[in-house]
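Trainee: Quick one: the structure is below, and I'll ask about it shortly.
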Amino acid sequence: MHDLKTITALGGAEPRIDTFPHITISENDSLALASVAARLGSEVECNKHMQAILGSVPAPGQAVLREPESGFWMGPDQWMIEAPKETHELLADDLKARFAGCASVTEQSGAWVCFDLAGPGMADVTERLCAVPIRKMQTGEARRTIIHQLGCFVVRRTGADHLRIIGPRASAGTLHHALITAAHSTA
Amino acid sequence: MTQKNRIESGGQIDRSQTHSFTFDGKSYQGHPGDTLASALLANGVRLMGRSFKYHRPRGPLTAGSEEPNALVELRDGARQEPNTRATTTELFDGLVAKSQNRLGSLKFDLLSINDRLSNFLTAGFYYKTFMWPAAFWEKLYEPVIRHAAGLGSLSLKDDPDVYDKGFLHCDLLIIGAGPAGLAAALTAGRAGCDVILADEDFRMGGRLNSETFSLGDASGADWAKAVVAELESLPNVRVMARTTVIGAFDHGIYGAVERVSDHMHTPDTGKPRQILWRIYTKRTVLAAGATERPIAFENNDRPGIMLASALRSYANRFSVTADNCVAIFTNNDDGHRTAADLHAKGIKIAAVVDVRSDAPRNYDYEVLEGQVVDTKGRLGLTFAEVKLANGTMRTLECGALGLSGGWNPNVHLTCHQRGRPIWNEALSAFVPGDHLPAGMTVAGAASGEMSTAGALQSGVQAAQDALDLNDEAPALPQAEDAPVNLKPFWYVEGCSRAWLDQQNDVTVKDVKLSHQEGFRSVEHLKRYTTLGMATDQGKTSNMGGLAIMAELAGKTIPEVGTTIFRPPYTPTAIGVFGGRHRGQDFHPKRLTPSHRWAEEQGAVFVEVGNWMRAQWFPRAGETTWRESVDREVLATRGSVGVCDVTTLGKVDVQGTDAAEFLNKIYCNGFAKLDVGKTRYGLMLREDGIAKDDGTAARLAEDHFVVTTTTANALPVYRHMEFVRQCLFPDMDVQLISTTEAWAQYAVAGPNSRKVLEKIVDQDISNEAFPFMACANITVCGGLRARLFRISFSGELAYEIAVPTAYGDALIRKIMEAGAEYDITPYGTEALGVMRIEKGHAAGNELNGTTTAQNLGMGRMVSKKKDSIGSILSEREGLNRDDDLRQVGIKPVDAGASVPAGAHLMSLTGPIDATHDQGYVTSACYSPCLGHAIALGFLKDGSQRLGERMRLVSPLTKVETEVEIVSPHFIDPEGGRLRA
Amino acid sequence: MIIEHPLLGPRDAAEFTYLGDARLIDRPDWQSETAAKDFFEYGYLRDNPAGWHQELWFHEAGDRSWLVITRNTITHEISKVELARDVARSRGRSK
């Protein structure tokens, strides 16, 4: 077993949590991520595996929120799978084995930073960040959008006022700054 | 005496509280609910500014956002804001304002001499006068004009405020919260639709706040208040006061500026001053109301002369009168309404002068048939001269004169998508045309529906039509329903110094002159006279100009037509367009996985494609960057160095056709690349010019990892998706960017293998892992990783990658493992030096003008397969024998420098563009060779090695004798790479 | 502008990157006798109409689909949005 320790996207040993009266912004460092893209001609088979893992195949603009794995649609015949890092450190390898040549699987764990927004001010904060119609967004909707010039996925999770923002990891600091600024603006 | 012109009671001001403020250093008092203009008028101050060109004394013309005159410098210090309209500035305690556009004091403006010179300062004056001699323009005319003209002044300090951007979505956007807007909001809101109701004013209600007539049992203002309260209680309605919709854009997108903190002394901590909202709406009701227009006559611009509706607003809403004796000059019934309201408040009406013979006369004050032909009063109105219909003259003593020339519907937003308004004869005004922005309906006065009852009804109708509602309409209160009675009348005959555009000082005479000089198009008139080009965009002046132009040209007003209405509707601070993207937040920063560690080492960072990369790592005692860079290069070539190369773009290419796909995007072949091997690839544009380069590592039969240059990561990915989706849609290939998924370090130098052997779990001997090998491996006893034996430096080198979260741990591990070999971290400068020494092309060489042939890689372009750019790379013009070739360059005198960008000329020929032989693309000092070296392009360069030339940089006045050499300064045979 | 994405519904044009004439899909045959001329025309001779035009847009801040959008360049009216991959196939492109 190796002895290399990870740091969070924001560079800390522990994930960061910022609490405001109307919203809590938590860095979520617990996700393993992998993308799955159906091979041409293997779409049906790929969907079967996807269904086996998630219960159903996320449609365009949608997520399937399940434990331990959840997933959302990224593009035509392409999805992102999320799972707890603690139990799924080798998510990409596992998926590769499961999909067995009917899908291209790519490890994405390191590519993203995840922030969970929760609280009654979630919609107000989101309105200052991106063009997602947040007040109409239903649990289980997922879309890619732009936040402070960064391409991010925005997933409406279960639970009141819970929004997950998944953005490019190298710009975690910029994204965090944008979220905190919007939280102050709307406090 | 304080607030001497404040009317005893009434109005929508809070008399229980007092706000103190200063204007030109003098203290005054007003109340919450006042604007700066209403508070100044209450204090008897009519003179608020000087005009732009003639420095004429001016007071407010209006009580709203259409104001041309009462512009002030608001606030002080860094927050000083010029050209702020006093008529819309909400009064707050501690407000500081200054008059602007004056030299000396407001009352004794030294530049008012311009007014006496007015015969010379007519339309086109600048064009005609300051033409010759040309040299005088920059040195003399412009500075003088700039000093004298212009509006307010900037603080020249950084704006201390912040601005937000935001995004809103709705079914129905209602612009304007007057009777029509409120009725529409009530209709849609009660039906459960998502509604945004925006109004530029701080008090919703529009004209209802300025009128005395009632709606049902309540006053207009109280009815509005009750409706707003109901709307605010509805969860599906967003009521936005202080919010100006500034533009109607494509497909139901609107721009709106919300002034969050402008009514406060300073914004609350963390709060924006303003927010620029981007509103996405399915349908829109424009209920922007109408703007009254003045009538032009001699000296019609004195303080105290204002729109009749403004006098009414000041009296009814703000409980202020501009003077205790007021006259009215009107061509329609609405002017009489002002007289009646003011009269009812005990203000003396000197007379109502009506141009019509059939004017209503059932009032308690004198109504005169005639015209106001001139006025008197140096710093404010004292007398109005009236020419009666019977030809006799009469002088009225008055301190205020209300003008009513009819109302113009505010059609601006209906025209932001190429729409043109159409003429309405009954109103003598333009109303919205048929070609409205998609989804827009117009209601109320903006649509030409001038009565209150009509406005309410049209608001309900507009909302129902827009949303296809069948619900019962809200019961509407009984309201005023007077018809429009108006006789078109624009200006008094024979007048010349009669102001049309008060802000830009354009008179009737100027319009006549421009006609005389041949300007026939309304667009030309506008630009020649500057009519309507000031910050108010001619809201009160354009119609007068058009009417005069029509008359002079013998056309009708609609034949003359309007100029084009463009966003923004009212002046908008530049800051709000920038939002938070300012200074450090101008664009996102990207940090490498070793960033925190590099900071600990004291690295100096440089921004590369938003990435913050370590440029070099200074050590104690090093005084220049060169010392650090030279040390890093020598240490790497002498033993081992490490550099974060995560920033290179990485694309995961998978699928059974992955190799065939790479064959398409790279000009060289990839189909036969063995699994476990890496190959350099050159990507061309379809026109045959080099696009990007990188490596492709084949991790499995159907899996490649492709790298791009740092700067081109995104465009190359886009291009690859284009090739995949648009050109070869049936290839089984899947792409995804993995740039940030992996932390990747280059470990280079003769001892690099020894260092990595301590980390990597597998055998990486030269036999097991030769040059250009690649593999999925594990490190440190089990962490998944990737290893590539590739080299940018020309040394024995590897690139090792781990999932990004482990990047910080890995760099520390590498440093620990390399300690015994004095492993040296190096930055982008040393990286650059080593690649120039090795003769590797980079961005400077792949500069968008160079071909594979230029780069000395012409033979790489495979003719046996189809690839992007291969056909056009064969064009004759790109394949001349004497074409540019990449060469190395070194100075003959080892001490001389070689500037990048310098051009190569023959030793004896002339130095000019015709004799240009080539140029330097990359240059540096080579610590290994002890002199400057460079890469460049030279005509027929590969045949000219050993030749001496002159390197010339006329810009930096450098001329150096150089020798053309091979671009491979170090280890040309490549022995080190394979060691 | 709002682009009606065939899979995702209305999206702000700000999420897209513009390329130009959708004729770029019709890349010539490299083995044709007239390949040099064909590629020259493909690369350089494109229409730039004031009016209806088929254009390529990339949903960069979205699902990474290339789209063929039929748009009036004067009014910005959009009459049709298709996945470029489908259009390419319908025009006979394969691998």
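Trainee: List the number of the failed condition for A:ALA172; all other conditions in (1) assigned to a helix (DSSP H, G or I); (2) in contact with a Pro (Cβ under 8 Å, 6 or more places away or on another chain); (3) at the interface with another protein chain (Cβ under 8 Å from one of its Cβ atoms); (4) not aromatic (Phe, Trp, Tyr) hold.
Mentor: (2)
Yes/no per residue for (1) modelled with pLDDT of 95 or more; (2) open to solvent by less than 30 Å² (accessible area, probe 1.4 Å); (3) small (Gly, Ala, Ser); (4) closer than 28 Å to B:SER451 by Cβ:
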{"site": "B:TYR280", "(1), (2), (3), (4)": "yes, yes, no, no"}
{"site": "B:ARG283", "(1), (2), (3), (4)": "yes, no, no, yes"}
{"site": "B:ALA290", "(1), (2), (3), (4)": "yes, yes, yes, yes"}
{"site": "B:ILE295", "(1), (2), (3), (4)": "yes, yes, no, yes"}
{"site": "B:ARG302", "(1), (2), (3), (4)": "yes, no, no, no"}
{"site": "B:CYS325", "(1), (2), (3), (4)": "yes, yes, no, no"}
{"site": "B:VAL352", "(1), (2), (3), (4)": "yes, yes, no, yes"}
{"site": "B:LEU368", "(1), (2), (3), (4)": "yes, yes, no, yes"}
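Trainee: Of all residues being open to solvent by less than 90 Å² (accessible area, probe 1.4 Å) and under 19 Å from C:ILE69 (Cα atoms) in the stretch C:43-56, which is farthest from the other protein chains (Cβ to nearest Cβ)? Just the residue, please.
Mentor: The selected residue is C:PRO49.
Trainee: Moving on. Restricting the search to the stretch B:860-914, which residues are more than 14 Å from chain C (Cβ to nearest Cβ), in contact (Cβ under 8 Å) with a residue 60 or more places away in the chain and among the hydroxyl-bearing types (Ser, Thr, Tyr)?
Mentor: Once the filter is applied, which keeps residues that are more than 14 Å from chain C (Cβ to nearest Cβ), in contact (Cβ under 8 Å) with a residue 60 or more places away in the chain and among the hydroxyl-bearing types (Ser, Thr, Tyr), the stretch B:860-914 yields only B:SER897.
Trainee: Sticking with this one: A:THR145 fails exactly one of the following numbered conditions: (1) touching a helix residue (DSSP H, G or I) at 6+ places or on another chain (Cβ under 9 Å); (2) facing chain B (nearest Cβ under 10 Å); (3) open to solvent by 20 Å² or more (accessible area, probe 1.4 Å). What is the number of that condition?
Mentor: Condition not satisfied by A:THR145: (3).
Trainee: Return the pair list, or none, for Cβ contacts closer than 8 Å from residues in the stretch B:425-442 that are at positive phi to residues that are part of a loop (DSSP other than H, G, I, E, B) and crowded, with 16+ Cβ neighbours inside 10 Å, at least 6 apart or on different chains.
Mentor: B:SER428/B:GLY406
Trainee: Another one. Given the stretch B:404-520, what strands (runs of 3 or more DSSP E) lie entirely inside it while holding 1 or more residues that are open to solvent by less than 70 Å² (accessible area, probe 1.4 Å) and polar (S, T, N, Q)? I'd like the intermediate steps shown before the answer.
Mentor: Numbers: elements: B:407-409, B:422-424, B:429-431, B:440-442, B:499-501.
Counting at least 1 such residues, we get B:407-409, B:422-424, B:440-442.
Trainee: Additional query: Inside the stretch B:458-473, can you point out the residues that are within 41 Å of the chain's Cα centre (by Cα) and under 16 Å from B:ALA191 (Cβ atoms)?
Mentor: Correct list: B:GLY459, B:VAL460, B:GLN461, B:ALA462, B:ALA463, B:GLN464, B:ASP465, B:ALA466, B:LEU467, B:ASP468, B:LEU469.
Trainee: Restricting the search to the stretch B:773-787, which residues are within 8 Å of chain A (Cβ to nearest Cβ) and within 17 Å of B:ASP652 (Cα to Cα)?
Mentor: B:ARG784
Trainee: Given the conditions (1) farther than 30 Å from B:PRO421 by Cα; (2) in contact with a helix residue (DSSP H, G or I) (Cβ under 8 Å, 6 or more places away or on another chain); (3) without any contact (Cβ under 8 Å) to a residue 24 or more places away in the chain; (4) open to solvent by 60 Å² or more (accessible area, probe 1.4 Å), which single one is not true for B:ARG596?
Mentor: (3)
Trainee: So in the stretch A:107-142, with the set limited to residues that are among the polar types (S, T, N, Q) and open to solvent by less than 10 Å² (accessible area, probe 1.4 Å), which one is nearest to the other protein chains (Cβ to nearest Cβ)?
Mentor: Result: A:GLN108.
Trainee: So, of the residues in the stretch B:807-826 that are open to solvent by 20 Å² or more (accessible area, probe 1.4 Å) and within 14 Å of chain A (Cβ to nearest Cβ), which turns out to be nearest to B:SER752 (Cα to Cα)?
Mentor: My answer is B:MET815.
Trainee: Moving on to the next point. Could you check the stretch A:1-47 and list, in sequence order, the residues that are charged (D, E, K, R), touching a residue at least 40 places away in the same chain (Cβ under 8 Å) and within 11 Å of another protein chain (Cβ to nearest Cβ)? Full working, then the answer.
Mentor: Of the stretch A:1-47, the ones charged (D, E, K, R) are A:3, A:5, A:14, A:16, A:18, A:27, A:29, A:39, A:43, A:45.
Then keep just the ones that are touching a residue at least 40 places away in the same chain (Cβ under 8 Å); that gives A:16, A:18, A:27, A:29, A:39, A:45.
If the condition is that a residue be charged (D, E, K, R), touching a residue at least 40 places away in the same chain (Cβ under 8 Å) and within 11 Å of another protein chain (Cβ to nearest Cβ), then A:ASP29, A:ARG39 are the ones that fit.
Trainee: Based on this model, can you work out whether A:THR181 counts as at pLDDT 95 or above, surrounded by fewer than 23 Cβ atoms within 10 Å (Cβ to Cβ) and more than 9 Å from chain B (Cβ to nearest Cβ)? Before the answer, list the steps.
Mentor: On the way: at pLDDT 95 or above: yes; surrounded by fewer than 23 Cβ atoms within 10 Å (Cβ to Cβ): yes; more than 9 Å from chain B (Cβ to nearest Cβ): no.
It is false that A:THR181 is at pLDDT 95 or above, surrounded by fewer than 23 Cβ atoms within 10 Å (Cβ to Cβ) and more than 9 Å from chain B (Cβ to nearest Cβ).
Trainee: Quick one: A:GLY151 ticks every box in (1) open to solvent by 10 Å² or more (accessible area, probe 1.4 Å); (2) within 20 Å of B:THR281 (Cα to Cα); (3) within 13 Å of chain B (Cβ to nearest Cβ); (4) free of Cβ contacts under 8 Å to residues at least 24 places away in the same chain bar one, so which box is it?
Mentor: (2)
Trainee: Looking at the structure I just gave you, is B:VAL260 more than 13 Å from chain A (Cβ to nearest Cβ) and either open to solvent by 40 Å² or more (accessible area, probe 1.4 Å) or not hydroxyl-bearing (Ser, Thr, Tyr) (or both)? Full working, then the answer.
Mentor: Working: more than 13 Å from chain A (Cβ to nearest Cβ): no; either open to solvent by 40 Å² or more (accessible area, probe 1.4 Å) or not hydroxyl-bearing (Ser, Thr, Tyr) (or both): yes.
No: the conditions fail for B:VAL260.
Trainee: Okay, moving on. Take the residues in the stretch B:748-763 that are more than 12 Å from chain A (Cβ to nearest Cβ) and out of contact with any helix residue (DSSP H, G or I) (no Cβ under 6 Å at 6 or more places or on another chain), then tell me which one is farthest from A:MET1 (Cα to Cα).
Mentor: Looking at the filtered set, the residue picked out is B:PRO750.
Trainee: Out of (1) more than 33 Å from the chain's Cα centre (by Cα); (2) within 14 Å of another protein chain (Cβ to nearest Cβ); (3) farther than 25 Å from B:HIS169 by Cα, the odd one out for B:ASP268 is which?
Mentor: Looking at each condition in turn, B:ASP268 falls short on (1).
The values are calculated or read from the model by the stated rules, or taken from the named source; none is laboratory data. Given the structure is predicted, the values throughout are model-derived calculations rather than measurements. Every residue, glycine as well, gets a Cβ built from its backbone with ideal geometry; the counts of neighbours run over all protein chains shown. Side chains included, ligands, DNA and RNA excluded: accessible areas come from the protein's heavy atoms. Shrake-Rupley method; radii C 1.70, N 1.55, O 1.52, S 1.80 Å.
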